[in-house]
Amino acid sequence: MSEVTLSILAPLPVFRDEIIGAETLAPRPGTLEGKTVGLMPNWRPSAFDLLKAVGEVITERCGVKAVVMEQPTREVPVGKGRLLDGMAEQLDDLARRVDAVITATGD
């Protein structure tokens, strides 16, 4: 039998706040205990179910005060701006109501 060599790559994320600097992003809370957490799925079919399960787990394990499931606008006109430009009002409103946001995509 011949020998086979495999190379395995483990992608490690580099977070934007580690590259650009902490002043460009909201600070991350040290804990979720007593916090209100927003859950924001994208438009993919399983994102809602995935985040619903995450919400149940963090409620059970992390002592969050509340979990808020935010539904994104189904059709966002992009025009000449970026996708998030059309959601700025909704995102600002969510940011005022919660201490942290978890987002997900799911198919």
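Read-outs throughout are calculated quantities, based only on the coordinates presented, and are distinct from any laboratory measurement. Computed from a predicted model, the values in this text were never measured in an experiment. As a convention, Cβ positions derive from the backbone with ideal geometry for all residues, glycine included, and neighbour counts pool all protein chains shown.
Listing for the model above:
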item	result
Sequence-distant residues sharing a close amide H with Leu39 (under 5 Å, placed H)	Val68, Met69, Glu70, Ile102
Long-range amide H partners of Gly106 with built H, under 5 Å	Asn42, Arg44, Ser46, Ala47
Under the Karplus curve 6.51 cos²θ - 1.76 cosθ + 1.60, θ = phi - 60°, whole-Hz ³J(HN,Hα) for the range 48-62, x wherever Gly or Pro sits	4, 5, 4, 6, 4, 5, 4, x, 5, 5, 5, 5, 6, 9, 10
Residues listed by number, the range 91-107, amide nitrogen under 20 Å from Asp49 label point at 7 Å toward C-beta	103-107
